[in-house]
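Beneath this line is the structure, given in structure tokens, with notes to follow.
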Amino acid sequence: MDQVTTQPVLLSAYQPPAFLVSSVDLAFDLDPEATTVLSRLGLHRNPKSGAHEPLRLDGEALTLVRIARDGVTLPPDAYQVDNGVLTIPEMPDSCMLELETKIAPARNTELSGLYVSGGSYFTQCEAEGFRRITYFPDRPDVMSRYTVSIISDKSRVPVMLSNGNPGPVEDLGSGRHRIVWTDPHPKPCYLFALVAGDLVSVKDGFTTKSGRAVDLGIYVRRGDEDKCAHAMRSLKTSMRWDEDVFGLEYDLDVFNIAAVSDFNMGAMENKGLNVFNTKYVLAKPDTATDGDYQGIESVIAHEYFHNWTGDRVTCRDWFQLSLKEGLTVYRDQEFSADQGSRAVKRIGDVRALRAAQFREDGGPLAHPVQPKSYLAIDNFYTATVYNKGAEVIRMMATIIGRDAFRKGMDLYFQRHDNNAVTIEDFVAAMADASGVNLDKFRTWYDQAGTPEVSVDDDYDPAKKQYRLTIRQTTKPTPGQPDKQPVVIPVAMGLLDGNGQELETKLQGETAAKSGTRVLLADDTENTFTFEDVASPPVPSLFRGFSAPIKLSGVSPERSRFLAAHDTDPFVRWESGQQYATRVLLDLIPVWNRNEPLTIDTGLIEAISETLAQTEKDPAFVAEAMYLPGEAFIADQMEIADVDAIHAVRDAARVAIGEALHDQLLARYDSYAETGPYSIDGAAIGRRSLRNTCLTYLSAGGDPTLAKRQFDTAGNMTDSLVALAVLAGIDSPERDAALAAFYAKWHEDPLVLDKWFSIQATSQLPDTVARVRALSAHADFDLRNPNRIRALVGAFAGGNQVRFHDPKGEGYRFLADIVLQLDPTNPQVSARMVGPLGQWRRMDPSRQALMKTELARILALPGLSTNTYEMVSKSLH
């Protein structure tokens, strides 16, 4: 383990590299214990670097065998290796530098660089993994053209893949073979990839709009070939969509995907060779849920879209990470919205944003979309960089308009193709293409925290004027006590008393406008006056969630009206959620006084009215019926009362299930599967609504209906929902179903992950003890990130009431896992810390328990820089 680094990397300290690398020739002789890597670097001094600096190359966990410059081996006193950096003080302005290193992929438990999984070789080089393969200036602004030679044993490693286009396979004799891959496009080293092993491929092809043929391949372990059809369909659909919507064609002869079960991330966009977590490739109806199918489609698209937004145009430095990730998340969100229900997709995206990013913004790990410093860049692959970054892109598109946004994208590629650039370069392209000054908008990138927006309005019947006042404030975040107002696009409309859309005319406008319009609130307080308004209107605000803000000042009566009448589906859903949240929050003091809980009849009636609208859009109805989650309710309180939140929400579920039993059962029965499993939007919507009905019907603790569905389910979606319901009911049916599920699926790793997660999120009182016991289960593997996330991540991040066990057992369990994991996989260890950092929002007793566990982690000798950064920030 390297010594912990406490000196931060600063954006303000950025300097261009002293040397650039025009060409990289890599030769791998693969061996699990002793892989030889020969690299030939075409170096030249960077004219943009002012000082005459020595050459510095990054390296980690390498054995250096030899260095030669222009064919002459360097003596030991001509270079030095210190703390992960190889320095050569005396360098000509240009030369060919040759390095030979040895690495041990089979012992690489960090899953960064080149490692072995299931007997095959895989790489993960983002963010700083290439330095674990060979010495190199491991930074994204060094872009080079790569030629890669791979030599291996033919019988054990028949498949050898890398970036770019392949040459012929050459037989070397003695059971060995070689292939050379050439990538014509310059790329940073973090996009390098190598995959080799006993893998099988599913092949297809794609013809671009200009008529070029592209060979497509998905490489998986033997036996998984029948689970790749959906991933291949998703790839071809996303390739066509990117051509149609953004005019972007693929630019190589081949595009390959390789799937691996041991992977720290979801997927990686290496140029021409994407490496994926198996979770986002493998699917068939009896092993994958509707959510799995949708996730695969989304992630396949995301990584493919990186071919232009990340590969052809990449980041100058890691502080620009959202330049590629926020933009590409926005693109994959738009793609997914075009494949199904745009409203339901938007609701799902907002749920995810609030669950992860809003909580991040409100805690000790809050940081801007463009951070200003870091200790370990791996820790900044966050919801803020990805999801909030996507919202910032979406706001930009809203402000300048979709046509201008497309022109801005075209200009961005025209200016910066095959270059490493900055967020400022992207914003400048949007401003220049649209003619809109976006200088004030830049605050969204620089300032952490979620703006809180309040609304006041009044109506003057004599003047027929309606005034809408919007105020914004952002709470202090670590390192940023003083906040500036941001530019907030408010997509809005006005409704009359019958829910009909009104034409709107702002003071000073000559004509009224119909439909949704966008107001720009760019100060602490903005007032907008509408004229010629015949009667007091109801404002419909932040349609489509036009800005990542928290809205207050909407009365329960107005929320319920909007939930029933708004023409914008997002506002309808959001208003229903706000109404339900208010009802549940009002019950918390009642529960704390030990008084009987009486559920507001208005909430039950609202659910009933929503359920009656089923035929319009079952998927939307299912979303609208879902009560706000416990974590979301907690986020509305200064100090989260986790026990009371759980009690009142559970009581509401039971009351709704009992009051609407006949209506729920009728809808449940009417949506029973009658044909083969389908993943079209309508079928997914029907299953979603049917399973929502099941959860309400079973809320009172009767396992009968869930047991029947579990026994007869014809697809994994219905089976898993039924199992999750049973896992929350203390009954013999629970244990029998869990045992049956394990017996059937224990040899399928992805399905077994679901078995672990369902038990981790059960809200039965003994869950902490069960989770600890599962961590000692023969199938729990601390070396596999998917299994860790399935059990530990699901428990700590998705089971609020049991993680926050009042005796601190949940906190202790999480800390134990972090302490075991940090020495072998610091990246995953650091990502597990987050839930403990929420201690400020807990009662004093829980605060003390959480801080004790954080301090225990911090005291670990040899703690990694990754985990140190997360824990130290969480404590202070």
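In the range 420-465, which residues are of a type in the set (Ser, Thr, Tyr), within 25 Å of Trp308 (Cα to Cα) and out of contact with any Phe, Trp or Tyr (no Cβ under 8 Å at 6 or more places or on another chain)? The answer is Thr422, Tyr445. Which pairs turn up if I take residues in the range 312-324 that are more than 15 Å from Pro16 (Cβ to Cβ) and look for partners that are outside any helix (DSSP H, G or I) and polar (S, T, N, Q) with beta carbon separation below 6 Å, at least 6 apart in sequence or on another chain? Short answer, once both residue conditions are applied: Lys324/Thr309. Consider the range 281-322 and keep the residues that are part of a loop (DSSP other than H, G, I, E, B) and touching a strand residue (DSSP E or B) at 6+ places or on another chain (Cβ under 6 Å). The one that is surrounded by the fewest Cβ atoms within 10 Å (Cβ to Cβ) is Arg316. Counting the residues of the range 775-789 that are open to solvent by less than 10 Å² (accessible area, probe 1.4 Å) and of a type outside the set (Val, Ile, Thr) gives 1. Scan the range 489-517 for residues that are farther than 24 Å from Gln472 by Cβ and touching a residue at least 60 places away in the same chain (Cβ under 8 Å) and the total you get is 3.
Quick one: would you say Asp718 is at pLDDT 95 or above, surrounded by 22 or more Cβ atoms within 10 Å (Cβ to Cβ), in contact with an Asp or Glu (Cβ under 9 Å, 6 or more places away or on another chain) and of a type in the set (Asp, Glu)? The answer is yes for Asp718.
Quick one: is Ala462 open to solvent by less than 10 Å² (accessible area, probe 1.4 Å) and in a loop (DSSP other than H, G, I, E, B)? Answer is no for this residue. Is it the case that the range 814-830 has a residue that's under 13 Å from Ala760 (Cβ atoms) and polar (S, T, N, Q)? Within the range 814-830, not a single residue is under 13 Å from Ala760 (Cβ atoms) and polar (S, T, N, Q). Cβ-Cβ contacts under 7 Å between residues 6 or more apart (or on different chains), taken from a first residue in the range 830-854 that is closer than 17 Å to Ile788 by Cβ and of a type outside the set (Phe, Trp, Tyr) to a second residue that is assigned to a helix (DSSP H, G or I) and at pLDDT below 95, are absent. Search the range 419-445 for residues being of a type in the set (S, T, N, Q) and in a helix (DSSP H, G or I), and hand back the single one that is surrounded by the fewest Cβ atoms within 10 Å (Cβ to Cβ). Once the filter is applied, the top-ranked residue is Thr443. Close Cβ contacts (under 9 Å, 6 or more residues apart or on different chains) running from residues in the range 207-226 that are in contact (Cβ under 8 Å) with a residue 12 or more places away in the chain to residues that are among the acidic types (Asp, Glu) and part of a strand (DSSP E or B) comprise Asp215/Asp204; Leu216/Asp204; Gly217/Asp204; Ile218/Asp204. Open to solvent by less than 60 Å² (accessible area, probe 1.4 Å), part of a strand (DSSP E or B) and touching a Ser or Thr at 6+ places or on another chain (Cβ under 7 Å): does that describe Leu57? No: the conditions fail for Leu57. Test Asp262 against the criterion of being closer than 24 Å to Gly118 by Cβ and among the acidic types (Asp, Glu), and give yes or no. Against the criterion (closer than 24 Å to Gly118 by Cβ and among the acidic types (Asp, Glu)), Asp262 qualifies. Of all residues in the range 250-270, those satisfying the criterion of being farther than 19 Å from Gln333 by Cα and either more than 20 Å from the chain's Cα centre (by Cα) or not in a loop (DSSP other than H, G, I, E, B) (or both) are Tyr250, Asp251, Leu252, Asp253, Val254, Phe255, Asn256, Ile257, Ala258, Ala259, Val260. Within 20 Å of Leu38 (Cα to Cα), open to solvent by 20 Å² or more (accessible area, probe 1.4 Å) and in a strand (DSSP E or B): is that true of Val180 in this structure? The answer is yes for Val180.
Of all the residues in the range 823-876, those that are open to solvent by 30 Å² or more (accessible area, probe 1.4 Å), aliphatic (A, V, I, L, M) and assigned to a helix (DSSP H, G or I) number 5. Pairs meeting the criteria (first residue in the range 564-576 and farther than 14 Å from Lys616 by Cβ, second residue of a type in the set (A, V, I, L, M, F, W, C) and at pLDDT 95 or above, beta carbons under 6 Å, at least 6 apart or on different chains) are Phe570/Phe545; Val571/Leu562; Ser575/Leu562; Ser575/Ala563; Gly576/Ala563; Gly576/Ala624.
The criterion of at least 3 residues that are crowded, with 21+ Cβ neighbours inside 10 Å and among the small types (Gly, Ala, Ser) is met, among helices (runs of 4 or more DSSP H) falling completely within the range 551-619, by 569-592.
Matching residues to (1) open to solvent by less than 40 Å² (accessible area, probe 1.4 Å); (2) in contact with a Pro (Cβ under 8 Å, 6 or more places away or on another chain); (3) over 25 Å from Arg812 (Cα atoms):
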| site | (1), (2), (3) |
| --- | --- |
| Gly700 | no, no, yes |
| Leu705 | yes, no, yes |
| Ala743 | no, no, yes |
| Lys754 | yes, no, no |
| Ile758 | yes, no, no |
| Asp766 | no, no, no |
| Val771 | yes, no, no |
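A search for C-beta distances below 6 Å between a residue of the range 393-413 that is over 14 Å from Leu327 (Cα atoms) and any residue that is open to solvent by 20 Å² or more (accessible area, probe 1.4 Å) and not β-branched (Val, Ile, Thr), counting only pairs 6+ apart in sequence or on different chains, returns Ile400/Ser434; Ala404/Ala433; Ala404/Ser434; Lys407/Ala433; Leu411/Ala433. Of the residues making up the range 658-673, those that are without any contact (Cβ under 8 Å) to a residue 24 or more places away in the chain and either basic (Lys, Arg) or open to solvent by less than 50 Å² (accessible area, probe 1.4 Å) (or both) number 1. Ile679 meets each of the listed conditions (1) open to solvent by 40 Å² or more (accessible area, probe 1.4 Å); (2) β-branched (Val, Ile, Thr); (3) out of contact with any helix residue (DSSP H, G or I) (no Cβ under 7 Å at 6 or more places or on another chain) apart from (3).
The values are calculated or read from the model by the stated rules, or taken from the named source; none is laboratory data. Given the structure is predicted, the values throughout are model-derived calculations rather than measurements. For neighbour counting, all protein chains shown are included, and Cβ atoms are generated from backbone atoms with ideal geometry for every residue, glycine included. The protein model used for the area step is the full one, side chains on, heavy atoms only, and it has no ligands, DNA or RNA in it. Shrake-Rupley method; radii C 1.70, N 1.55, O 1.52, S 1.80 Å.
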